[in-house]
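Only one structure is covered here, and it is reproduced in the block below.
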Amino acid sequence: MQTTGHGACGQTLPNTHLVHSGPHRATVGHRSGTISAQDLPSITNRLDGYGTFQCRRFRAQIFKAHPQLASGFAHIYEDIAKTKGYVVANQNLSALDARLKIRDFNCSSDSVQLKRFADYQASRCRHFAARYGYVLKSYQLCSQLAERYTLEPPTPKEQGVFSPCIRRMESERWWRKKLFTLQRRTIEAVARDIGLVSQYAAPYSSMISQSIRQDQKSRNDHYLSNTFIQNDEGQKYSLKELAELSVSNPAIRRGELMTRIKGFEMVAEHLGHIGEFYTLTAPSKMHARFKRNGKANPKYDGTTPIEAHQHLNQLFQCIRAKLHREGIFVYGIRVVEPNHDGTPHWHLLLFMPEQHRRTVRQIFSEYSLKEDGQERGASKHRFKAVGIDREKGSAAGYIAKYIAKNIDGAHIDYDLDGSDSKAAAAAIDSWASTWGIRQFQFIGGPSVTVWRELRRLASPHSDLLKNAKPDDSALMQAMIAADASEWAAYVMVMGGPILRKKDRPIQPLYSETECVDEETGELFEDNLGAYGDPIASRVIGLQSDGHQFISRFRKWTLIGSDSLEREGRTSEARATESEQQAGFANELRRDANGIGAADPTRLPWTRVNNCTRVQANEITI
């Protein structure tokens, strides 16, 4: 018979890494991510048979502090109490509670509480700045405050210049953004550890995370719909309109990715190269759950998805460095996607000369087994290689399903695990957003920024492009390829798939900002960011053969919806104005989608006030 174990109910206990050992399909309330205050008593009461009165109070306090996880916590508590006793169950619950509390910040705080906490911490930083000034002392105190909550303070860009960093930490917005990211990742890490992310619960990401992501996207949509942008000629459009015309639109993003992949495949065929499809998987200790039954992996060491991704990234850096030492250069694309429990794995579609196939496979295999390479199944699962057989299908077709699955699930009904493609895509989007993982990364090839600027420049000159000659400049040939969406031709005009960036014939042209008038010492405030540091240089065109070509002529300014209301505009008046501006719509769409430009003969506007003037050449054929 167990002792009462009151200490387990009310005192601090060792932060042991106990997790739920069995498959757990969360309750309907938990899966929705909306546990209300009315649900908590029923969750608490189902455990009344375990422990003492103090234990019941202890459980109720923790469930109240973390309502989104209460149902999952109760299920785990019950399972542990049945097999190991309520004292161990109390210890596990206390450890989970401790993970969700970082000093006086509760990661389960609602948005109002988080904003209030961010306001308070920002005010403390403002107090430091008011007392000591924007100097090293204030920076150190503000940084120590951020580090107390495991937040990384900003790093000075210039030696001895601390003002921009301090001003960031004085901002409630900076604290709120950092705390929100910390909150999402901590909650998701706990949810993953206790079995709420798996094939038997919610694959890829928890329902809590998906609910938070849906709310975030809804807020973003509201902001974009109610924030407008106006150029120097008085044209106004909502940010949502522009987002729909850019790679923020999943359909456009998917189309551009597939265009580039297909183009790489055509380049490989032209050069006589072969395609290889590789999969890299993390060691078993980084996987939380078994896929076959949803049970906890006894080897799991608490590695988070972002840590596992960083492991694979470092692994690939070592592989790539080894390949370069061997004189082997590959090109293609990397796709990162989650396993059922949120652990990332990599897919790589790479092209290379056929004589390098064996060496490349050997190097990948060797490096993938450097850590825990002797464990069971490592040689089978860590690295998988499949050669692309053109007679059976194209490389682009082979990877298309992975692209669709990781964007919006379009054109496929079910993913490889049998889940609905749209639901799987939403879960993967939540996973990538929560952990800050970049899903797609091209390897080798020329700049996509140059490609987009070429499309912007090409649109007003379609008639001239039709009369282009084979011996025209590289810029003209590249513009023709970009305008026709021929990535393969663009790659070859730019020097092939493996040429170094600095050696490419066409380079992006960036604005040059002046923050201080050298004669008077006056600050150009328009060239300073919200925190007092210089605004980053922005792409304004292209340069080639010593010539500069401006592709961005307009100066755009953000206007909130409240500003429009102050101008006394009614919705009816806006509709009338929209009709009057219809003639400008095509030009704006070209600007937003990177496939148009204004009249190249007029004096160019950059997007930054008081920029150093750039001498722009008129495009001639």
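Pairing each residue of region 249-275 that is among the β-branched types (Val, Ile, Thr) with any residue that is open to solvent by 40 Å² or more (accessible area, probe 1.4 Å), provided the two are 6+ apart or on different chains, yields C-beta distances under 6 Å for 259/485; 274/354. Checking each residue in region 160-182 for being in contact (Cβ under 8 Å) with a residue 40 or more places away in the chain, in contact with a Leu (Cβ under 7 Å, 6 or more places away or on another chain) and open to solvent by 10 Å² or more (accessible area, probe 1.4 Å) picks out 176, 180, 182. Of all positions in region 282-290, at least one carries a residue that is more than 24 Å from the chain's Cα centre (by Cα), polar (S, T, N, Q) and crowded, with 19+ Cβ neighbours inside 10 Å.
To keep it simple, each residue is scored yes or no on (1) assigned by the TED database to the domain that holds residue 44; (2) outside any helix (DSSP H, G or I); (3) under 28 Å from residue 536 (Cα atoms).
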| residue | (1), (2), (3) |
| --- | --- |
| 79 | yes, no, no |
| 82 | yes, no, no |
| 98 | yes, no, no |
| 119 | no, no, yes |
| 137 | no, no, yes |
| 151 | no, yes, yes |
| 155 | no, yes, yes |
| 165 | no, no, yes |
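Residues of region 499-527 being of a type in the set (Val, Ile, Thr), modelled with pLDDT under 95 and either outside any loop (DSSP other than H, G, I, E, B) or closer than 30 Å to residue 327 by Cα (or both), which ones? Listed by number, the residues that qualify are 513, 516. Apart from one condition, residue 439 fits all of (1) over 14 Å from residue 260 (Cα atoms); (2) at pLDDT below 90; the exception is (2).
Go through 372, 341 for me and flag whichever is over 14 Å from residue 277 (Cα atoms) and open to solvent by less than 10 Å² (accessible area, probe 1.4 Å). Steps first, answer last, please.
Details: 372 fails: open to solvent by less than 10 Å² (accessible area, probe 1.4 Å).
That would be 341, the only listed residue that is over 14 Å from residue 277 (Cα atoms) and open to solvent by less than 10 Å² (accessible area, probe 1.4 Å).
With respect to the conditions (1) modelled with pLDDT of 95 or more; (2) closer than 25 Å to residue 209 by Cα; (3) surrounded by 14 or more Cβ atoms within 10 Å (Cβ to Cβ), residue 129 falls short on a single one, namely (2). Going by the conditions given, is residue 186 open to solvent by 20 Å² or more (accessible area, probe 1.4 Å) and within 27 Å of residue 339 (Cα to Cα)? Yes; evaluated as a whole, the condition is true for this residue.
Residue selection: residue 414 fails the criterion of being surrounded by 18 or more Cβ atoms within 10 Å (Cβ to Cβ), at pLDDT below 90 and closer than 21 Å to residue 251 by Cβ.
Criterion first (of a type outside the set (A, V, I, L, M), out of contact with any Asp or Glu (no Cβ under 7 Å at 6 or more places or on another chain) and within 29 Å of residue 343 (Cα to Cα)) does residue 248 satisfy it?
yes
Annotation: of all residues in region 201-255 being closer than 27 Å to residue 306 by Cβ and among the aromatic types (Phe, Trp, Tyr), the one that is nearest to the chain's Cα centre (by Cα) is 204.
Checked against the criterion of being without any contact (Cβ under 8 Å) to a residue 40 or more places away in the chain and either touching an Asp or Glu at 6+ places or on another chain (Cβ under 8 Å) or of a type in the set (Val, Ile, Thr) (or both), the candidates 155, 186 yield just one match: 155. Taking (1) among the charged types (D, E, K, R); (2) open to solvent by 10 Å² or more (accessible area, probe 1.4 Å); (3) touching a residue at least 60 places away in the same chain (Cβ under 8 Å) in turn, residue 358 satisfies each apart from (3). Scan region 217-261 residue by residue and report those that are of a type in the set (Ser, Thr, Tyr), over 19 Å from residue 485 (Cα atoms) and either assigned to a helix (DSSP H, G or I) or open to solvent by 30 Å² or more (accessible area, probe 1.4 Å) (or both). 218, 223, 225, listed by residue number.
If only residues of region 266-281 that are among the aliphatic types (A, V, I, L, M) and in a strand (DSSP E or B) are counted, the one that is nearest to the chain's Cα centre (by Cα) is 280. Of the residues making up region 49-61, none is buried (at least 17 other Cβ atoms within 10 Å of the Cβ), modelled with pLDDT under 90 and farther than 20 Å from residue 107 by Cα. Every condition in (1) closer than 25 Å to residue 80 by Cβ; (2) surrounded by 20 or more Cβ atoms within 10 Å (Cβ to Cβ); (3) over 26 Å from the mean Cα position of the chain (by Cα) is met by residue 98 except one, and the failing one is (2). What are the residues in region 426-444 that are in contact with a Ser or Thr (Cβ under 8 Å, 6 or more places away or on another chain) and open to solvent by 20 Å² or more (accessible area, probe 1.4 Å), if any? The one that is in contact with a Ser or Thr (Cβ under 8 Å, 6 or more places away or on another chain) and open to solvent by 20 Å² or more (accessible area, probe 1.4 Å): 436. Residues in region 396-410 that are touching a residue at least 40 places away in the same chain (Cβ under 8 Å) and in a helix (DSSP H, G or I): 396, 398, 399, 400, 402, 403, 404, 405.
The values are calculated or read from the model by the stated rules, or taken from the named source; none is laboratory data. All values derive from a computational prediction rather than experimental measurement. All Cβ positions, glycine included, derive from the backbone under ideal geometry; neighbour counts span all protein chains shown. Just the protein is used for accessible areas: all its heavy atoms, side chains included, with ligands, DNA and RNA removed. Shrake-Rupley method; radii C 1.70, N 1.55, O 1.52, S 1.80 Å.
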